[in-house]
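The values are calculated or read from the model by the stated rules, or taken from the named source; none is laboratory data. Just so it is clear, the model here is predicted, and its values are computed rather than measured. Cβ coordinates were reconstructed from backbone atoms using ideal geometry, including for glycine residues, and neighbour counts include every protein chain displayed. Ligands, DNA and RNA are excluded from the accessible area calculation, which covers all protein heavy atoms including side chains. Shrake-Rupley method; radii C 1.70, N 1.55, O 1.52, S 1.80 Å.
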Amino acid sequence: GTQPQDLSSFVPFSICMVLALLLQGCGTGGDGTMTTTTGTTYTTTTTTTITPAYTCESDLYLDAGNVKNTDIKGFSLDDATMSGCPDKMLMIWPHTYTRVKSIRLFASWKSAWGDDTQRTRTWAKFLNVVNANGIKILFGVDSAYDLGENEKQFQWTLQMMKMVKDKDQILAISFGNEMDFKGGIDPNRFVNWAKDKVKQMDDSGFSEVKITMVWSMRATDHLNSKDLPLLNNMYNAFKHRWAAWAFNAYSIFNRGGLSAKNCKEFTANAISLKYLKSLSSTFRKAVDRYTKERDQAVWIGETGWSSPCVQKQRDIQAFCKDWCSVDTLQGYYQMFLQWDGTLDEGLKGVDHMFYFSNRDFKDFNKAEEGFGMVTNCSNPKCKSQKPIAATYESDLTSITI
């Protein structure tokens, strides 16, 4: 891609303007004598600061024309970045000069990340970044079966919400992630707990904050059949302040039919815009049927690609190296940036979408994943770089013989 030459909007700078105003005037006094006004020099200093924004290092850049509608895009923040290096959150979309404007938090803090001292230090770094950059946040409680941990995570979230500079930065709060995968949760007990937490929010001055719950693609079947009590109860309880129908869209987990023979074609289809739009359209249609409306908001809570392979797909590496390659991850990421969120068939498009993620981490079953644009907090390099051959050829073109 081409690299824009003007980088000034991403470098902190100060502008000092010196105005030398020599004010000299002549007039006739009442007594007929000439009076003179002595000239005075005024110096005015105006300082404009552009907040620095972190991103990973790469010599690979995308053409600005292929980065679309970033107002509705953000990052889903992995646990490694949130707990270990929030001062290194990717605030510029890697391989571009475009700023990130929103993030999704699975949780503001988890007990496994450390004690209150660690939390205070980490939050200071996190809040410095989001408040300085005016980042919008989808807050979350990473609900599972530990009700005590749920309660702690909510109280930490409420505390952080009070520390955000502007309430307009709060997109919503999600009570859980991929909740259709978490069987065994008592829907009545959970929704009653959520109602109590929302009342606490309201009493704290957050009555305008909207509510949601994030599902997997599997929720499409439940929307069509209306057979998931947790989904039904949660929506009925909060439909008056429902932020969006949020789902996680992952083509990477649809590996059925992948073989050594069709490796390249199968991989190319999986990372295509056509595939992501198909998933989104299917979910949109289910929401429209369930609500009997056509304009309710739909958000993609997560989407992305893993390189190296997720733990359950390590066998694929033996017969289809393309599937988990860095080039394939980069291809999926570029497709995400290029999509403007619109859908076909006259359907209302996706209203917001989050890319997963900044750095590699483990899933909720503690299985290794490689969805990060960067490997870990200590590595400043993006996974994707220019191929050595391409760099060499590019260098040759600048040599005049």
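For the reader, a short list of remarks on this structure follows.
- Full extension of the chain segment joining LYS264 with GLU345 gains 26.3 nm, where the gain is 0.36 nm per residue of separation less the Cα-Cα distance.
- Taking amide H as placed 1.01 Å from N in the peptide plane, ASP78 has its amide H under 5 Å from the amide H of ASN358, ARG359, each at least 5 places away in sequence or on another chain.
- Within straight-line reach of LYS152, meaning a Cα separation under 13 Å, sit the following aspartates and glutamates at least 8 residues removed in sequence or on another chain: ASP115, ASP116, ASP142.
- Virtual paramagnetic centre 7 Å along Cα→Cβ of ASP186, amide N under 19 Å, in the stretch 127-152: 143-152
- Heavy atoms of TYR97: accessible area, 1.4 Å probe, square angstrom to 10: 60 Å²
- Pairs exceeding a 31 Å alpha-carbon distance, out of LYS88/LYS312; LYS101/LYS197; LYS125/LYS277; LYS261/LYS386; LYS136/LYS321; LYS167/LYS312: LYS125/LYS277; LYS136/LYS321; LYS167/LYS312.
- Heavy-atom surface of the stretch 154-228, accessible at 1.4 Å and reported per residue (Å²): 46 Å²
- Centre-to-centre, using Cα atoms only, the stretch 222-269 and the stretch 299-351 are separated by 14 Å.
- The length gained by stretching the chain between ALA144 and LYS239 to full extension, at 0.36 nm per residue less their Cα-Cα distance, is 31.9 nm.
- The modelled label-to-label distance for the pair ASN379/LYS292, using points 7 Å beyond Cα in the direction of Cβ, is 5.2 nm.
- The phi torsions of the stretch 244-253, fed into the Karplus equation with coefficients 6.51, -1.76 and 1.60 and a -60° offset, translate into couplings of 5, 8, 10, 9, 9, 10, 10, 6, 4, 8 Hz, rounded to whole numbers, with Gly and Pro shown as x.
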